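In what follows, a structure is listed as structure tokens, so that the remarks can point back to it.
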Amino acid sequence: DVKVTQSSRYLVKRTGEKVFLECVQDMDHENMFWYRQDPGLGLRLIYFSYDVKMKEKGDIPEGYSVSREKKERFSLILESASTNQTSMYLCASSPGQYMNTEAFFGQGTRLTVV
Amino acid sequence: AQTVTQSQPEMSVQEAETVTLSCTYDTSESNYYLFWYKQPPSRQMILVIRQEAYKQQNATENRFSVNFQKAAKSFSLKISDSQLGDTAMYFCAFMKGRVQGAQKLVFGQGTRLTINP
């Protein structure tokens with residue numbers, strides 16, 4: 001089975017802190033994604049990556065950055081956390097381009113910024 | 001850009017009843033895929049069912065089936081003989097086919113489904 005693991009289920013950080021959310025997948029997938037989930041808004045794409053060191057902005061990249069130094073690991077970085085970044089963050093992975101398959105998700109990190 | 005709309009924020013039915021969740025989408029693409037994901041209280045997103053747009057036959061997976069109306073851009077999920085374990089958030093999602101780079105999922109707002117005993 002594909003496994004996507006997020007480093008924390010719950011996280012509380014202070015405003016202005018630099019926050020790292022880590023995600024690891026074990027199926028040699030090319031693609032990795034970071035989504036943000038908010039009530040009434042569904043899941044919105046923050047950033048994605050289709051190869052090591054490659055990244056592209058999603059629909060809501062402001063205030064976030066990402067890092068993919070190794071194929072299996074995709075990190076989401078909040079440079080200076082703000083209260084409006086309090087949310088559920090979901091990492092996902094999928095096989096390479098043209099594979100036409102669904103994405104596999106981690107269990108989510110609920111981040112609270114105080 | 002593609003958009004996905006789920007117009008039912010919440011639904012509630014009795015155990016063993018049949019329930020239908022609605023989803024509409026907007027796209028100019030001809031090659032695409034549609035999905036229903038389930039997110040139970042554990043928060044783990046689980047794929048329920050997928051539909052390829054080029055297939056006319058509606059997908060089915062045990063008690064789960066879809067009504068795919070391509071011309072109307074509608075993709076509803078029917079759950080038959082509902083069970084308590086079906087209680088979850090359900091998300092409809094769209095994905096373009098055969099794109100260079102990563103194939104991204106575009107999600108609807110979600111429908112919170114509660115199955116009552």
Answer yes if at least one residue in segment B:6-18 is in contact with a Cys (Cβ under 6 Å, 6 or more places away or on another chain), part of a loop (DSSP other than H, G, I, E, B) and within 13 Å of chain A (Cβ to nearest Cβ), and no otherwise. yes
By residue number, the members of segment A:25-57 that are in a strand (DSSP E or B) and over 14 Å from residue A:89 (Cα atoms) are A:25, A:31, A:49, A:50, A:51, A:54, A:55, A:56, A:57
Residue count for segment B:23-73, restricted to those that are in a loop (DSSP other than H, G, I, E, B) and more than 18 Å from residue B:112 (Cβ to Cβ): 18
Note on residue A:28: of the conditions (1) within 14 Å of chain B (Cβ to nearest Cβ); (2) closer than 20 Å to residue A:4 by Cα; (3) not hydrophobic (A, V, I, L, M, F, W, C), unmet is (1)
Any residue in segment B:33-43 that is among the aromatic types (Phe, Trp, Tyr), more than 8 Å from chain A (Cβ to nearest Cβ) and farther than 18 Å from residue A:105 by Cβ? no
Going through segment A:71-106 in order, the residues found to be surrounded by fewer than 15 Cβ atoms within 10 Å (Cβ to Cβ) and facing chain B (nearest Cβ under 8 Å) are A:98, A:99
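For segment B:74-117, what are the residues that are more than 14 Å from chain A (Cβ to nearest Cβ) and either among the aromatic types (Phe, Trp, Tyr) or not in a strand (DSSP E or B) (or both)?
Going through segment B:74-117, the residues more than 14 Å from chain A (Cβ to nearest Cβ) turn out to be B:74-87, B:113-117.
Once the filter is applied, which keeps residues that are more than 14 Å from chain A (Cβ to nearest Cβ) and either among the aromatic types (Phe, Trp, Tyr) or not in a strand (DSSP E or B) (or both), segment B:74-117 yields B:75, B:80, B:81, B:82, B:83, B:84, B:85, B:86, B:87, B:117.
Does any residue of segment A:58-65 turn out to be of a type in the set (Asp, Glu), assigned to a loop (DSSP other than H, G, I, E, B), in contact (Cβ under 8 Å) with a residue 12 or more places away in the chain and crowded, with 18+ Cβ neighbours inside 10 Å? Give the steps one after another, and end with the answer.
Our first condition is that a residue be of a type in the set (Asp, Glu); within segment A:58-65, this holds for A:59, A:62.
Now drop any that are not assigned to a loop (DSSP other than H, G, I, E, B), which leaves A:59, A:62.
If we keep only those that are in contact (Cβ under 8 Å) with a residue 12 or more places away in the chain too, we end up with A:59.
Next cut, crowded, with 18+ Cβ neighbours inside 10 Å only: none.
No: zero hits.
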Checked B:88, B:16, B:93 against criteria (of a type in the set (A, V, I, L, M) and without any contact (Cβ under 8 Å) to a residue 60 or more places away in the chain); the one match is B:88
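Matching residues to (1) under 14 Å from residue A:103 (Cα atoms); (2) at pLDDT 95 or above:
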position: A:12; (1), (2): no, yes
position: A:17; (1), (2): no, yes
position: A:25; (1), (2): yes, yes
position: A:28; (1), (2): yes, no
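The values are calculated or read from the model by the stated rules, or taken from the named source; none is laboratory data. What you see is a predicted model, and the numbers here were worked out from it, not measured in a lab. Methodologically, a virtual Cβ is constructed for each residue, glycine included, from the backbone with ideal geometry; neighbour enumeration extends over all protein chains shown.
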